[in-house]
Amino acid sequence: MKTIDEEARKLPVLAETDVLVVGGGPAGMAAAMAAAREDVDTILLERYGFIGGTLTQAMVESLVWYRKENTVEAGGIGRELEEYATNFGGTYPDPESTGRLLDADMFKCAADQLIIESGVRPLYHCYAVGAIVDQGRLKGVITESKSGRQAILAKVVIDASGDADIAAFAGAPYSMESRGRLMNVTTGFGVSGVDIAAFRKNITEYPGKIGDWSSLTVKGEEELFSAYFTHVFEQARKDGIIPKDSPLEGFWHAITEAGEVTGINVVRVTGIDCTNVWDLTRAEIEGRKQVLQAIEALRRYQPGFEKAKLRTIGSSIGTRESRKIKGRSNLTEQDVKNQAEFEDTIGIFPEFLDAYGIVVIPTTGRYFQIPYGIMVPENVDNLLVAGRCVAGDRVSHSATRQMMCCAVTGQGAGVAAATAIKTGKTSAAVDIAKVQIQLEKQGVRIR
């Protein structure tokens, strides 16, 4: 690769804080709120002008679509996000679960208030582009924004970027699948002008089910209802309305009495490396192209959608997989499928898997514990990683990538960071027993 020399310069310090959280998705929100509630100064850094991550920027409103009557969850801030949004007037009934769907735009407003009420200092429109490392310890990050190139110094940094950006900048080892094995990316959108009565009638007569889109599921679960467009795109391909090789298929979310289907997740763009800016550009353009194709197919073949039109479109593609750190411990397929227990547990997550054609819905009450070690990167201290890029294998990622699981790891990282600071330890050496006590005080079920 061709290179140039960049002149060395002194950078102004934009801010200093105890805990810096990079990334404002469910993991970052939970991390920042948890740390601030432990009475340490906390900044939440977000590259967009709003937080919520996949919930808001990619319009994936189904925070807990897996939840059934017997599902056992960690509670804590993840559940609080759902309840706060509901009290805010920004949720809808979920047709697939006992949970609530979150209105993406309303959640932008709710999230602002929630983090400020928690004592977090938000900083939007700011991108972390480098790491400040001194003798194996992370001291802060380099930022770029309209204010220029600056630095934020912190005692502990939590990487909730989704792509392990800070870990990579700091030199922590990680792995990533090849383009051909990475999960696809999605452009979310919503439509208006839907004849809701006709759509509901069609759903009742021809309900979708999990078996329509996954054959690798638990026996009996394939008959569970799924808000899935089954035949629309197949017929559109057959009739030449969309390309024969079009990957379009997927889910619808909330239905409103105003004639809206607020979230539709059917776009599939494959072969995208989410850490490559050229790939991201291609995905955005292709994703929006597929949105228009999807609406045309829905108009022609989905009863109730004859007059549907584009209502809103995600401000960014939704990404599912990129880097995974190499951690002090590594979560495995056997762990998530066999109710694994760990001495350093920081929370639990239901036995829910959804990726690579594997689907397990948590109908039995089974769950696994999440170890602190999967958030502790090798070679770099005072850095914790939360969210989908924690250490684990391919199948365990189908659980840890879920937004509620991201919130569990985020809250664990936030409490651990605060505990390390208050006890004079590094994040790698923090007393996990003390972290567990504080997590339980914050309402998290850890075992």
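The values are calculated or read from the model by the stated rules, or taken from the named source; none is laboratory data. All of these numbers come straight from a predicted model, not from anything done at the bench. Ideal geometry is used to build each Cβ from the backbone, glycine not excepted, and the neighbour counts take in all protein chains shown.
Listed here are the residues, each with its yes/no results for (1) of a type in the set (S, T, Y); (2) modelled with pLDDT under 95; (3) surrounded by fewer than 20 Cβ atoms within 10 Å (Cβ to Cβ).
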residue	(1), (2), (3)
D165	no, no, no
S175	yes, no, yes
R179	no, yes, yes
V185	no, no, no
G188	no, no, no
V191	no, no, no
I196	no, no, yes
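Residues that are within 23 Å of L384 (Cβ to Cβ) and either at pLDDT 95 or above or in contact with a Ser or Thr (Cβ under 7 Å, 6 or more places away or on another chain) (or both) number at least 2 in the following strands (runs of 3 or more DSSP E) confined to region 1-96: 13-22, 42-45.
Taking first residues from region 114-129 that are in the same structural domain as A168 (by TED's automatic domain parsing) and buried (at least 16 other Cβ atoms within 10 Å of the Cβ) and partners that are modelled with pLDDT of 95 or more and of a type in the set (F, W, Y), the Cβ contacts under 9 Å between residues at least 6 apart in sequence or on separate chains come to L114/Y84; L114/F88; A128/F169.
The one condition from (1) touching a residue at least 60 places away in the same chain (Cβ under 8 Å); (2) of a type outside the set (A, V, I, L, M, F, W, C); (3) surrounded by fewer than 18 Cβ atoms within 10 Å (Cβ to Cβ) that E61 does not meet is (3).
How about region 109-226: which strands (runs of 3 or more DSSP E) wholly inside it have at least 2 residues that are within 22 Å of the chain's Cα centre (by Cα) and within 25 Å of V390 (Cβ to Cβ)?
Values: elements: 121-123, 126-134, 137-145, 148-159, 189-192.
Because the criterion is at least 2 residues that are within 22 Å of the chain's Cα centre (by Cα) and within 25 Å of V390 (Cβ to Cβ), the strands (runs of 3 or more DSSP E) in region 109-226 that meet it are 121-123, 126-134, 148-159.
Among the residues making up region 428-447, those that are touching a residue at least 60 places away in the same chain (Cβ under 8 Å) and either in the same structural domain as A418 (by TED's automatic domain parsing) or surrounded by 13 or more Cβ atoms within 10 Å (Cβ to Cβ) (or both) are A428, I432, V435, Q436, Q438, L439, Q442, G443, V444, R445, I446. Close contacts from region 84-95, counting a first residue that is free of Cβ contacts under 8 Å to residues at least 24 places away in the same chain and a second that is crowded, with 17+ Cβ neighbours inside 10 Å and of a type in the set (V, I, T), with Cβ to Cβ under 8 Å and a gap of 6+ residues or different chains, come to none at all. Selection within region 229-246: residues that are outside any loop (DSSP other than H, G, I, E, B) and without any contact (Cβ under 8 Å) to a residue 24 or more places away in the chain. The member of this set that is nearest to V64 (Cα to Cα) is E234.
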